[in-house]
Ligand code: PLP
C-alpha cells in the first residue's frame with residue numbers, strides 16, 4: 001500500500017509542535033481515564049504497600065533498572081535540565097527508525113507506551129467500531145474503549161491450558177467493523193506468544209478503517225519476529241514499544257508508537273504534545289546503542305523464569321509457558337485469597353483476571369525476591385486460605401476509576 005505524502009515530520013519535536021494546533025481536541029478528552037499497569041497493579045494489591053517495603057512482583061517491572069550506560073547518560077544530561085532540547089527527542093526517534101530500517105516519519109516517541117496505546121484506541125474505536133481483545137490480556141485498551149464508548153469484544157485465548165495464544169481466527173470473526181484489534185505479543189499476563197503468520201493473516205484481512213495494534217512491550221525477552229516488519233510493508237498495523245520492561249525504565253518513561261504516517265496522523269492530534277524528559281531521552285538512546293543489553297538481560301530473565309516455573313511445576317502447579325518476565329500460575333482456588341495470604345508476608349504478587357479466577361500473575365523478580373516468593377508460596381499454599389478475603393482498596397485509589405476493583 002503506498003504511503004500518503006507526508007507533509008510534516010511525525011517524529012520527535014517537530015511533530016509535537018505541529019500537533020499543538022490540535023490542543024482543543026485533546027482538552028475535550030482531558031477527563032478520560034488513562035490507565036497503566038502501575039494503576040492496575042496498585043489497585044489490585046490487597047493492602048496499600050509502599051514501594052520500598054516488601055517484595056513487589058506485581059507490576060511486571062524490571063528490578064535491574066536502567067542499564068549502566070543509561071544511568072551515565074542520565075547523569076550527563078542533568079546539567080542541561082534547564083532546556084527543552086527538542087532535537088534530542090527527534091534524534092531518539094530517528095535512531096530507533098534507523099535501527100529498525102524505518103522511515104523516521106513512522107516513529108513517534110512518548111513517555112512510555114501507555115499514552116499511545118490509549119490514544120490509538122480513542123482514535124480508531126467508537127460506538128460502531130468495537131475494540132477486540134484477547135481474554136485474558138492487558139486491560140488498559142479496554143479502559144480507553146470505555147472512554148470512547150466503544151463495545152469491547154473479549155475473545156478467550158486459544159488452548160488456555162497449553163500454548164495460550166491469541167485465537168486470531170475468532171478475533172477476526174468477532175466484528176465485521178472493528179476499530180482496533182489489540183494483540184499483546186508476548187501477552188500480558190500469560191507471557192505466551194502468538195505466531196507471526198497468524199497475526200499477519202489477521203492484519204491482511206482487516207476491513208477498511210480498522211487497524212491492528214500490536215503491543216510489543218515484552219518482545220525483547222524473546223527472539224520472535226516483530227510486527228515492525230509489517231509496518232515497513234505499509235500494512236494496517238500500529239506497533240507499540242516501551243523501555244519499561246527489558247530496559248528497566250518504567251519509572252524513567254519512554255516508548256514508541258510505530259506505524260504508517262497516515263495512521264499516526266489519526267492518533268497524534270489526540271495527545272502526546274508534552275515535551276519528553278531529556279533524561280529519559282538520553283537513557284533510551286544509551287540503551288538502544290548498547291548491543292549487549294538485550295541479549296544479556298534476555299538470558300538473565302530466561303534463567304530466572306525457567307527456574308521458578310520449574311519449581312512451581314515440580315510442586316504440581318500449572319504455569320503458562322511464558323517467554324516473558326511474567327506468567328500465570330494456577331493456584332486452584334480464588335487467586336485473590338492467595339494474593340492476600342502472600343501480602344500478609346509482604347510479598348505482593350500480581351492480580352487476578354476475571355476470565356481465569358483461579359490464577360494469579362507472577363512477575364519474575366530478582367533471584368532473592370523469587371527465593372522469598374517460593375518460600376512464602378509453599379508456606380501459604382498448604383494452609384486453608386479460604387477465609388482470607390482481599391482487604392479493601394487503599395483510600396487513595398478509591399478516588400480513581402479503578403474503585404470497582406476493591
Ligand atoms: N503494554 C503492556 C502489554 C504492558 O504490560 C504495559 C505495562 O505493563 C504497557 C503497555 C505500558 O507500559 P509503559 O506505559 O510503562 O510503557
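Coordinate-derived values only; no laboratory data. Remember, predicted model here, so these are calculated numbers, not experimental data. Cβ atoms come from the backbone with ideal geometry, glycine included; neighbour counts cover every protein chain shown.
The table that follows gives values for the structure above.
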item	result
Segment 68-288: relative contact order in percent, alpha carbon pairs under 8 Å with at least 6 residues between	27 percent
Taking the convex hull of Cα positions in the chain, its mean projected area over all directions (nm²)	18.9 nm²
Full-stretch length increase - residue 315, residue 159 - with 0.36 nm per residue and alpha-carbon distance subtracted	53.9 nm
Relative contact order %, the chain, counting alpha carbon pairs below 8 Å whose residues are six or more apart	24 percent
Helix 293-314 vs. the chain, principal-axis angle (Cα, 0 to 90°, nearest 10)	30 degrees
Ranking of 213, 230 by count of other Cβ atoms within 10 Å, fewest first	230, 213
Separation of alpha-carbon centers, segment 181-207 and segment 69-134, rounded to whole Å	22 Å
At R0 = 25 Å, FRET efficiency that the Cβ-Cβ distance of residue 262 and residue 196 yields, to 0.05	0.55
Calculated [θ] (222 nm, deg cm²/dmol) that DSSP helices of n ≥ 4 give over the chain, each run adding -39,500 (n - 2.57)	-11000 deg cm²/dmol
Residue 127-residue 299 pseudo-label distance in nm [points 7 Å out on the Cα-to-Cβ vector]	5.7 nm
For 241, 71, order by how many other beta-carbon atoms lie within 10 Å, fewest first	71, 241
Relative frequency of Cα-Cα separations exceeding 21 Å in segment 68-288, percent	53 percent
Using alpha-carbon coordinates, inclination of helix 367-380 to the longest axis of the chain, degrees	40 degrees
Nearest 10 degrees, 0 to 90: helix 68-77 Cα axis against the chain principal axis	50 degrees
Order of 300, 57, 203 under a 10 Å beta carbon neighbour criterion, fewest first	300, 203, 57
